[in-house]
Amino acid sequence: MPNILSIATSALATAQAGLATTGHNIANQKTPGYSRQLVVQTSLGGQNLGGGYIGSGSTVETVQRVYNEFIAKQVVAAQGSASQLQSYADQIGKINNMLADSSTGLTPVIQDFFKGIQDLVNNPGASPSRQAMLSGAESLAARFQTMNGQLNAVREGVNTEITASVTDINAYAQQISQLNNAISKAQNADGQPPNDLLDQRDYLVSQLAKETKVTVNKQSSGYSVFIGNGQPLVVGSSVYQLTTVASSTDLGRLQVGYVTNGTTVTLPEDAITGGKLGGLIEFRNKSLDPIQNSLGRIALGIAETFNAQHRLGQDQNGNLGGDFFNAAQPAVNADFNNTGTAVIGATISNVSALTTSDYRVSYDGSNYSVTRISDNKSMYSGATFPATTIDGVDLTMTSGPMAAGDHFMVRPTVNGAADFNVLIKDLSQIAAATPIVTGATTTNTGTGAISAGSINAAFTAATVSTPVTLTYNSAGGTLTGFPATMPVTVTTNGVPTTYAAGAAVPYTAGSTISFGGAEIKLSGAPADGDSFKISANVNGLGDSRNMLALGQLQTTNVLQGGTANYNTAYSQLVSLVGNKTRELQVNSAAEGGLLKQMQTTQQSESGVNLDEEAANLIQYQQAYQAAAKVMQAVSDMFDILASLGR
């Protein structure tokens, strides 16, 4: 016959296990990553006594954690996506605040600078007006440098956060490996699942997913954890470390390296996805680099176009104008792994054609190639070094050769804002005037008129060292008197026609006439013998024609292929960053909501419900009390039997 005392003892032990497990659940209700545990209770079976099977009590088969692996994988995946978007949104939000701030942005200083130019147009000889214009230029340069410095600070912050993220990833990997080992030992000891250790490991995986994309494979040796595009991080008790390494073409740019067999291999940046680390790298590649290049492109655009016009002016000393702003040269960085001796140079030949991308110049031993980084588009491939202009940039190999596998990084606009500064320090060197003056002879009888005149880059003082007098011949409808050694170009309705030096030039009203870099327009109907004079400007203190031309640059579309002026180029940058920031905020909120929903679903199944645990507590308490009463009854029975025997 079954032992009643043993039945009561098993019931008591089972109830006690239930009470302990319920208490454990309650105690860990707020523990991150904890999964609710249940006592799995089974019958010990029965003994056939002829009239039927009489049970032998119960036992605890196992303590099971309530864990849904499918939901857990969804949470881990959502965690990686949400963290990546949040990281990206946080970083670009800093830049958006800087660019859009009316007090720290670029628009106010551009407007103030051109306001100073307009004042100088009205007062070309006044020192206060010249000083105001120069001060406006200094303020513009300071703003460019400040904004670039802020972007560099963001870049340094990204480096710091990448380092911190890599450190956290390595720490999580080490802990997961240790738990793999501990779980394996515990399961091998008695075959029972160590639930709390399993929860700790799964929690670490979820924390790792905040840093980078995680893929987990369950194996007999434990979890095998892979990150990014499949790089193993943990395999059983083996751990593979990440590290940070300087870019081979930019020592100030940290990349992620993978350590294997004592060797560090730099991971491609597109191989690191998900989590905070993936968000940081995506932000740097897709936003920070183009934004800094865009700001540099605006600075270069202002410098190059303003300088070009300033050189066409005349300063108060009678000299042609020089460069007003410093225009940064493209940065060309050789890969420090290069084995060749090549030195590559780059110059900007067309500022309007510049993009916001960097370029990789490579040589495979047979062919040279140029790749635009922003869209990975091949811009050149051939057996000779590229001699063509690529997006406004000319490349030269100043010495060589390149060896197979060598490559260079060309960054045309990255230093545009940092190196933007004012070269003119002397007020008298501001070239407000135009080097030539024109006029019609007072004895002319026709209605012909001559424009004030301007010059182009081909002009030298020799062009008008001797005054040029043009005379109209009505018989042939021609103009004579041009310098004997200079060809003449007449542009009518945008179509240029060049006439040899010394040849008579047909007159067409309204056409632009150019010789030796001097440009004029004749209009009206001159009479036979009417003449027009072009000479050097020897008293240009009150002349502001070139300053007027400089002022017109504010509204002239000289950037981005002739589609944007200075202000609109900056406005487009602000709009681009603002739209991207808003897009990321919306997507981050949506992904965060999805993550929260998945976590809620997971908690509804695996989380601890205090009301439910309280009910379980009462049930196990009552079971414990009932088992105790059975034991009390057995004890009373033994007492009766003992008394009968006396």
Pair list, Cβ < 6 Å and 6+ apart or interchain, from the range 280-300 residues that are touching a residue at least 40 places away in the same chain (Cβ under 8 Å) to residues that are of a type in the set (Lys, Arg): none
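The rows are residues; the columns are (1) among the basic types (Lys, Arg); (2) closer than 17 Å to residue 550 by Cα; (3) free of Cβ contacts under 8 Å to residues at least 12 places away in the same chain.
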| residue | (1), (2), (3) |
| --- | --- |
| 99 | no, no, no |
| 106 | no, no, no |
| 124 | no, yes, no |
| 127 | no, no, no |
| 130 | yes, yes, no |
| 138 | no, yes, no |
| 150 | no, no, no |
| 153 | no, no, yes |
Residue in the range 560-606 that is nearest to residue 98 (Cα to Cα), counting only those that are touching a residue at least 40 places away in the same chain (Cβ under 8 Å) and of a type in the set (Gly, Ala, Ser): 578
Residue pairs meeting the criteria (Cβ under 9 Å; at least 6 apart or on separate chains; first more than 20 Å from residue 618 (Cα to Cα), in the range 20-44; second part of a loop (DSSP other than H, G, I, E, B) and of a type in the set (Ser, Thr, Tyr)): 35/67; 43/56; 44/56
Residue match in the range 561-584 (condition: buried (at least 16 other Cβ atoms within 10 Å of the Cβ), farther than 30 Å from residue 23 by Cα and aromatic (Phe, Trp, Tyr)): yes
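Starting from residues that are touching a helix residue (DSSP H, G or I) at 6+ places or on another chain (Cβ under 8 Å) and either of a type in the set (Gly, Ala, Ser) or assigned to a loop (DSSP other than H, G, I, E, B) (or both), keep the ones in the range 585-605 and report whichever is surrounded by the most Cβ atoms within 10 Å (Cβ to Cβ).
Ranking the qualifying residues of the range 585-605, first place goes to 588.
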Set 355, 347, 339: member being of a type in the set (Val, Ile, Thr) and open to solvent by less than 40 Å² (accessible area, probe 1.4 Å): 355
The one condition in (1) in contact with a strand residue (DSSP E or B) (Cβ under 9 Å, 6 or more places away or on another chain); (2) surrounded by 20 or more Cβ atoms within 10 Å (Cβ to Cβ); (3) of a type in the set (A, V, I, L, M, F, W, C) that residue 95 fails to fulfil: (1)
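Output yes when any residue across the range 418-439 is open to solvent by less than 50 Å² (accessible area, probe 1.4 Å), more than 40 Å from the chain's Cα centre (by Cα) and either farther than 26 Å from residue 130 by Cα or among the charged types (D, E, K, R) (or both), and no when none is.
yes
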Yes/no for residue 308 being in contact with a helix residue (DSSP H, G or I) (Cβ under 6 Å, 6 or more places away or on another chain), closer than 23 Å to residue 136 by Cβ and either modelled with pLDDT of 95 or more or not in a loop (DSSP other than H, G, I, E, B) (or both): no
So residue 240, is it open to solvent by less than 30 Å² (accessible area, probe 1.4 Å), aromatic (Phe, Trp, Tyr) and farther than 17 Å from residue 275 by Cα: no
Among the residues listed as 356, 266, the single one being touching a residue at least 24 places away in the same chain (Cβ under 8 Å) and either within 28 Å of residue 247 (Cα to Cα) or in contact with a Leu (Cβ under 8 Å, 6 or more places away or on another chain) (or both): 356
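The values are calculated or read from the model by the stated rules, or taken from the named source; none is laboratory data. Owing to the predicted nature of the structure, the values given are computational and were not obtained by experimental measurement. Using ideal geometry, Cβ is built from the backbone for each residue, glycine included, and neighbour counts are taken over all protein chains shown. Surface accessibility is based on the protein's heavy atoms, side chains included, excluding ligands, DNA and RNA. Shrake-Rupley method; radii C 1.70, N 1.55, O 1.52, S 1.80 Å.
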